[in-house]
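Step one of this worksheet: look at the structure below.
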Amino acid sequence: MIGGGCLAIRFLHTSDWQMGMKALQAGEKAKELRSKRYDSAAQVAAIAKRELVDFVIIAGDLFEHHDVDESVVRKTVAVLDEFAPITVFILPGNHDPLIAGGVWDRKSWQKAGKHVILLKERAEVPLENNAVLYPSPLSQKQSNLDPTEWIPKREPGDDRIRIGVAHGSLGILPGQTNFPIAESRAREASLDYLALGDWHGFVERGDTVYPGTMEQTSFDELDPGNVAIVEISDAGAKPVVTKKRVGLLKWSEHRPEIHDETDVDKLRESLASNGSLDNHMVRVAPIIHPDVSEGAMLRLAELREEILDEVFYLDWDEETVIPPMNILVSIPEGMLARIDSDLDAVLQQKIPEGPCRVAASRDPEIVREARSLLRKLTSEVKI
């Protein structure tokens, strides 16, 4: 039996630490960005102690993959030591599945404290406070099977608080099929709480919760940088879930249309509304109109230099220029269609001939955006 306290239980739910992620989108700041994740993990430990939780659940993807550097494993073990004596339950996810010779078999991982428990089996884990865990560890990176399907229904007379732990998809976005989890699982298995990982933003759907990643990993994530504090008074009682902010960095994206100096001033105000930028990952992608004033372009260049000195990381991209339509109609027929085809080849991990070869080394997200812009520009032109 593990844990301690009164009949009610109180625990911290987190997931998707992704320790060892490359963070290549941060360029020269990548190393510093990776380091921030250990600082965020230390914040999680501090919150766990301050909130007097009985235990902690990390619902998958503690590590980015099995080939992380030894230094990553050692630093992760060190930060997990900060949780002691609170028990930390760790579920293998799809990034760090339970496989032979993986990160969980390393000697450096074996040095983790006794308070750190790796959930290796689909089996009941009894807790004190009249509670039980039902973990669904993953043993591969991909599957179209529901990892929670094994969880048994509550037997007559079982008055324990039942908590499921899993890593997979509730289908928040269309087309998500990797480790699909039935939205009705908590109800069907009589779970008082289903602790999930995989989705990087905070999502609460009844008794099923994604806390999201503790530190944001990309610009397109919704509501990341949190953990969940969960309190359940008794079997069948509605869990009380409190979202706690732990992320150290703030990410913001700005895509203003620039016609004149007024638009630049609005962009400046938007950036200023974030407060100090020294802990911000900022992406600015101005859409420059063909009739933009020279004064606006000068002011835009000045703004870029100003915030470059203030911000933790700046991604500034002025490539999204909308040319006048009379320029488009002068392009030889079929040329834009060939460019579109070449960009599609890049997304299929093929290297096209001709000028688009340079796109093969670009982030796929940028290539997709380029195709989207190309199609927008040519919507009135035969390509």
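Taken together, the values in this text are just the output of simple stated rules run on the coordinates, not laboratory data. Just so we're clear, the structure is a prediction, and the values are computed from it rather than from any experiment. Virtual Cβ from ideal backbone geometry, glycine too; neighbours counted across all protein chains shown.
Here the Karplus curve 6.51 cos²θ - 1.76 cosθ + 1.60, taken at θ = phi - 60°, turns the phi angles of segment 46-52 into couplings of 5, 5, 4, 6, 5, 8, 6 Hz, with x standing for Gly and Pro. Simple rule: put +1 on each Lys or Arg Cβ and -1 on each Asp or Glu Cβ in segment 9-245, find the dipole, and look at P135, W150, I99; the Cα lying farthest toward the positive end is I99. Partner lysines whose Cα lies under 22 Å from the Cα of K244, excluding those fewer than 8 positions away in the same chain, are identified as K36, K49. Under a 5 Å amide H cut-off, with hydrogens placed 1.01 Å from N, V165 pairs with Y134, S136, A195 among residues at least 5 apart or on other chains. For A296, neighbours were defined as the other residues whose beta-carbon sits under 9 Å from its Cβ, and their charges (Lys and Arg +1, Asp and Glu -1) total -3. Report the relative contact order of segment 9-245, percent, no decimals, based on alpha-carbon pairs under 8 angstrom and at least 6 residues apart. Normalised by residue count, the contact order of segment 9-245 is 20 percent. Give the shape of segment 1-96 as rounded, prolate or oblate, defined through the alpha-carbon gyration tensor: a ≥ b ≥ c are the square roots of its eigenvalues, a/c under 1.5 means rounded, and otherwise the shape is prolate if a/b is larger than b/c and oblate if not. Prolate. Legend: residue pairs K22/K75; K22/K120; K111/K243; K120/K250, Cα-Cα distance threshold 25 Å; pairs beyond threshold, K22/K120; K111/K243; K120/K250.
FRET efficiency for the K120 to N279 pair, using the beta carbon distance and R₀ = 56 Å, is estimated at 0.90. Approximating the spin labels as points 7 Å out from Cα along Cα→Cβ, the D158-to-K107 distance works out to 4.2 nm.
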